[in-house]
Every structure is written in structure tokens, then in C-alpha cells.
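Take a look at the structure set out below.
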Amino acid sequence: MENHKLYLYPVWLRVWHGINAICIIILMFTGLSMQYGNIDYPLIPFKTSVSLHNFCGVVASVGFIVFIVGNFLSDNGIHYRFKIRGLYKRFYKQIMYYASGYFKGEPKPYPISEEFKFNPLQRVSYAIAMYVLMPLVIFSGIGLLYPELIVEKIFNIGGVQLTALLHSIMGFFIAFFLLIHLYVASIGKNPLRNYKSIISGYHESD
Amino acid sequence: MRNKLVYILVFLFFQVISFKLIAQEDQANLSKSNRHCANCHGNKYYSFFNSVTEQDQRKRMNPFFIIDTVAYKQGVHREFSCEDCHASEYNTYPHAPELKLEPKFSCLDCHGGDETYAHYQFEDIEIEVDNSVHKNAFGFQFGCAQCHDLHSYKPVARNKKSLIKEIVSADNQMCLSCHNNLSKYQILTDHTKPELLSTHDWLPNQELHFMHVRCIECHTPVTDTIMVSHKILPKEKAVHLCSDCHSTNSILRGKLYKYTAKQLRSTEKGFYNSMFLNEAYVIGANRNIYLNIISLIMLGGAFIGIAIHIALRIIKKK
Ligand code: HEM
């Protein structure tokens, strides 16, 4: 295991990930600006926000389809499947590693290999992000882009209102995911190592 | 073949009869003297006895002189007889030529200084109209009646039962009845009529906007003293900043949503932001206090966790 390289992220995945990351970051800032902007000090002019948000939303949605198809056609999809049984125990192990084992220099409970490129926490959080949050945010986004698709009223509350609520809650969860995603990726001897991997494709073991 | 023809004829016969019945029922609701005028002014055709040829004659009614009798019965002036506002000489046909010169009533002729309806603020409205672009351009030619048809007028925004959608479409119809109608527009001016769709093409989702906001939202200033601002400003002063509406201090609160906002002001807390706009979602103007708090707590927690972890990493390294 000494210092050998694993090829974990094939080209299509890296291209998707790069485009997706840029889009999501822009979507986050334009979304925040539209929701919390103020006439007196707009973060980004509203009109710019709307156009940018629409554009990036469409690109990220197309990217999402690429990701799903890619995962379906290649073996990459395997990494997103998990069993519920024993999940708690595996989570506990990984969390204890981040919280204490890691500082004591203990070995990783789930070392990275080509068969298991994600630890249990990553596995579940990536699966939720990609198979729950992204579809919901995309469908509600399409609804807001074409409001005529939305049912007028649900229990006397505007359909657009509910869709927008769903969209912003999901958007928030994705932002929350991103924060933790970015931090956890920096855990390791060299904080930048994982970032290099998602660009080069190769993972260097510690 | 002949059977079919008989069926069709019978069918048509009943159609005609039922149409006549309906028409008569509508007019039965009108008072007797109004029905006399509506016999001609309520239909596309009118008939009269031509005393020269000594024959009954049928002719087309000028479409601009047709009064919608159903709308008349729903308007605020439904109890009026036509002759209350028009000279009783109209009873005879052909109408006497000098009747054309008869001055028409303006709202203020009856409602000026009217205590009963003081809450409509007719005098204040008149001052605003006097300062509007239309009055400046056309003077007395542009009276209240250009927007308010006295034969069908009824308040919409003030009516608590009106949906925002209904308010918007009724109010915009007043402007569009002229700005989208060359024959009415040209009574006032020979200038070419600006095409609204192209002068407003800076606005994305134009159709959606025109269905959800009124023209006066952008073309009048915000006022607190009057229910519906009547002061149409020159086009240079129109609202064109998206964030005037799409932000928490949206001007719509002082305009279109004023009516609902007033009722709900007492429940300022909690879902105030989203509840008062139950019928509309304006990006940036609806915010939910509970969601804001929850998301701040979650983000704060994550940041604290990360900060502690970073601190430990730095300490352990040394
Ligand atoms: C919200 C947008 C993002 C989503 C949904 C997302 C999702 C993912 C997913 C699913 C993977 C695993 C790919 C695989 O091997 O199948 C991954 C890996 C990675 N991502 Fe992201 N990502 C996002 C944004 C970012 C950003 C902005 C960065 C850094 C600038 C980043 C850095 C990384 C790194 C370093 C890895 C490899 C390490 C690992 O597998 O944990 N990601 N990301």
C-alpha cells in the first residue's frame, strides 16, 4: 500500500464534477442574492442573478443527467449503494475516527481502495445529495421556470409558493452538504490532496 | 336527408326561442325606462319606425354606443335610470342633434363633497388625476370616464372577496382598453401608439408579470394616503428596478398587496411574510422567519464543529 496511486475518478466524472461544482457555487450566490438582496445594497443586480441562476440551473441539470447516465453505464454507481443494516455502527466508527482516532494517528477504519472509494459517511451523503436533493431541486426549479406546469393551489396555498419553498429548502441542504463536503475532503495529512485527486483523477494514499 | 333538415330547423327554432327568452330575462331586470333605451343600446341591432318611408327599419348599432346590460346591473350605479345622467329628450328617436352637445357628468359632479362616500377620497383622486401625464397631455379630454365606465363601474381592489388575480386583470383592462386599442387611443392623439410588448421587453416573463402586477404598480408613486394612486408619472419615472418588487421592502406591499397586508398586519410575526402573499410568490419578497432561524442554527453548528476540528488539527500537529 506504500505510496501507490489509485485511479478513482475517470475523466467524465471529473468533467462533470468540475462543471457541477462551478455551477452550484454560482447558483448558491445568485440564489442567496435573489432571496436576501436589498434595493440599497444588492449583492448582485437582480436581473443578472436571474439570468445567471437560470443558465447555471439548466447546465447543472444537464450535468445531472450526464452523471446519472454515467453512473448507470460505468461501475461508478456501485459506490452509491449502501445497506441500511449496520449503518449506524459504520457511521459511529467513521465519526469516532474523525473525532478522535484521526488525531491519535490510528489507521482509517475504511481505507480507500478501488472497490471502496467512499467511507460509509461519504457513501450515504453522496447518495442522498445526488439521488434525493439534486432531483428535488431540479424538478422544483423546472417548475419555477415554467410556472404554468404547477398546480394552482394545494390546500389553499399557492402551488408556486410551495414549489419555491421546496426549492429553497433543497438549495439550502445542498449548500449545507457542500460546506461539509469541502471540509471533510480536506481531512488528511495534506489538506489539498483530495482536491488534487478530483482534478487529476489519481488518489495518492498516505 | 330531409329528416335531417327538419331536425336542424326544429333545433334552430328552439335556439332562437331560448335566445329570445334569455335576452328578455336580462332586460326584465332593468327598470322600464331603462329597458326602452336598452332595446336599442343593449343590442348590436336596433329597429325604429321610419316616419318618412313609413316602414319599420333595422340597422346596426354603433359598437361604441352599446351598453352591456348585465354589467350595468352589477355596477354601483345600477339603480340609476338612464335619464338621471342623460337628457330625457333621448326618449325619442332619432335623437335630437343638439343632444350631442350636452355636457356629460363627471364623477365629481355627483361625488364631490359627498360625505357618504368620503372614504373613497374623490377629491384627492381628482388632484392626482390632474397631475397625471394624461391630464397634462390632453386636459379636459381625459376625464375619469376614460378609465371608469359609468355604466359598469364597480370597485374591485376594495372588495375583500377579490382575488389578487382579479384585481390585476380588471385594473390592467382599464389601461389596455386604450393602450391596446388604436381606435380609442386615436381619439386623443395622432401620435403612433407605442407597442407595449416591445416597450416592456426589458422585463423577463412579461406575460407572467402582466398577469400578476398592475400597470399602476410601476407607473405611479407609492402613496400611503390613498387606496389607488391615480398619478400616472412620465415614463422616465416608471419603476424598472427588479428589486423594487423583488425584495423584502417590496413596493408591492404599499400597492397591490396593501389590501391584504392591512388585514394581516396584526399577525406580524411568524409566517407573516408568506401568509400575506398566499396568492402570489414574489422572489425575494417572501421570507420565512422560521426557516431562516433553522438554517442559521444548522450552518452555525456546522461552522463551530469545523472550527473545533481545525483547531484540534493545528494543535495535534505541533
Ligand atoms: C454541491 C456541489 C457538489 C457536489 C454535488 C459534489 C459531489 C461530489 C461527489 C458525488 C463526489 C464523488 C465522485 C465520485 O467519485 O463518484 C465528489 C468528490 C469530490 N469533490 Fe465534490 N461536489 C460538489 C462540489 C465540490 C466542490 C466545489 C469542490 C472543491 C472545490 C469539491 C471537491 C471534491 C473533492 C476533492 C472530491 C474527491 C474526494 C471525495 O471523494 O470525497 N466538490 N463530489
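Every number in this text was worked out from the coordinates using simple rules, so none of it is lab data. Not measured: the values here are computed from a predicted model. In this analysis, Cβ positions are derived from the backbone assuming ideal geometry, glycine residues included, and neighbour counts consider all displayed protein chains.
Could you tell me which of rounded, prolate or oblate describes segment B:34-123, using a ≥ b ≥ c as the square roots of the eigenvalues of the alpha-carbon gyration tensor, with rounded for a/c under 1.5 and, failing that, prolate when a/b is larger than b/c and oblate otherwise?
prolate
For helix A:11-36, report the angle its Cα long axis makes with the longest principal axis of the Cα atoms of chain A; keep it between 0 and 90° and round to the nearest 10°.
40 degrees
What nm value, rounded to one decimal, do you get for the distance between residue B:203 and residue A:22 when each label is placed 7 Å out toward the C-beta?
In this crude label model, residue B:203 to residue A:22 measures out at 3.5 nm.
For a test of the definition: using alpha carbon positions, the gyration tensor, and the 1.5 limit on a/c, classify segment B:119-240 as rounded, prolate or oblate.
It comes out rounded by the Cα gyration axes.
Would you mind ranking B:220, A:48 by Cβ crowding within 10 Å, fewest neighbours first?
A:48, B:220
For B:207-215, what's the mean count of beta carbons from other chains sitting within 10 Å of each residue's beta carbon?
Mean inter-chain Cβ contacts per residue within 10 Å come to 1.
Would you please state the base-10 log of I(q)/I(0) at q = 0.17 1/Å for segment A:4-205, with intensities from the Debye formula using one equal scatterer on every alpha carbon?
After summing over all Cα pairs, the log10 values are -1.23.
With n ≥ 4 as the cut-off for DSSP H runs, can you work out [θ] at 222 nm for chain A, using -39500 (n - 2.57) per run divided by the number of residues, rounded to the nearest 500?
After summing the helix terms and dividing by residue count, I get -19500 deg cm²/dmol.
In what sequence do A:30, B:69, B:189 fall when counting other Cβ within 10 Å, fewest first?
B:189, B:69, A:30
Using the charge dipole of segment A:4-205 (Lys, Arg: +1 at Cβ; Asp, Glu: -1 at Cβ; taken about the Cα centre), state which of A:7, A:178, A:45 has its Cα farthest towards the positive end.
In segment A:4-205, that residue is A:7.
Between residue A:88 and residue B:100, with labels modelled 7 Å along Cα→Cβ, what's the label distance in nm to one decimal, could you check?
9.3 nm
If we count other beta carbons within 10 Å of each Cβ, what is the order of A:75, B:190, fewest first?
Going from least to most buried by this count: B:190, A:75.
Compute the FRET efficiency between residue B:159 and residue B:109 as 1/(1 + (r/R0)^6), taking r as their Cβ-Cβ distance and R0 = 35 Å, and round to the nearest 0.05.
That pair, residue B:159 with residue B:109, gives E of 0.90.
Size of the dipole of chain A about the Cα centre, Lys and Arg at +1 and Asp and Glu at -1 on the beta carbon, nothing else charged, in debye to 20?
Roughly 640 debye for chain A.
So for the pair residue B:124, residue B:52, with labels modelled 7 Å out along Cα→Cβ, what separation do we get in nm?
5.5 nm
Evaluate peptide B:238-247: per residue, the Cβ atoms of other protein chains within 10 Å of its Cβ; return the mean as an integer.
Shielding by partners across B:238-247 averages 5.
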